[in-house]
1. Charges at C-beta only: +1 for Lys and Arg, -1 for Asp and Glu. How large is the resulting dipole of the chain about its Cα centre, in Debye rounded to 20?
2. When M49, M15 are ordered from fewest to most other Cβ atoms inside 10 Å of their Cβ, what list results?
3. Show me the three semi-axes of the equivalent ellipsoid for the chain, from the C-alpha gyration tensor (sqrt of 5 times each eigenvalue), largest first, rounded to whole Å.
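No value in this document is a laboratory result; all are computed from the given coordinates. No experiment lies behind these values; they were computed from the predicted model shown. When we count neighbours, we look across all protein chains shown, and the Cβ atoms used for this are built from the backbone with ideal geometry, even at glycine.
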Amino acid sequence: MGVKLPILPGTDAKMSIPELEPGRYALVCHLPDQSVPGGEGPPHFVLGMISEFIVE
């Protein structure tokens, strides 16, 4: 699963993830930081773009 639209800093995005079993999950962004020349910076999750959510 992935989101192909850019999500700008300070904004929110919504997505639908059908049929997840109850449990704890994480959203993790693996895109590289673009502020480094060549766009080869650390992945966004290293910079804090990671979030846990719970499906009940």
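1. Details: 3 positive and 7 negative charges, 28 e Å.
So the magnitude is around 140 debye.
2. Numbers: M49 16, M15 10.
Placing the least packed residue first, the sequence is M15, M49.
3. Working: eigenvalues 126, 30, 19 Å².
Values for the chain, descending: 25, 12, 10 Å.
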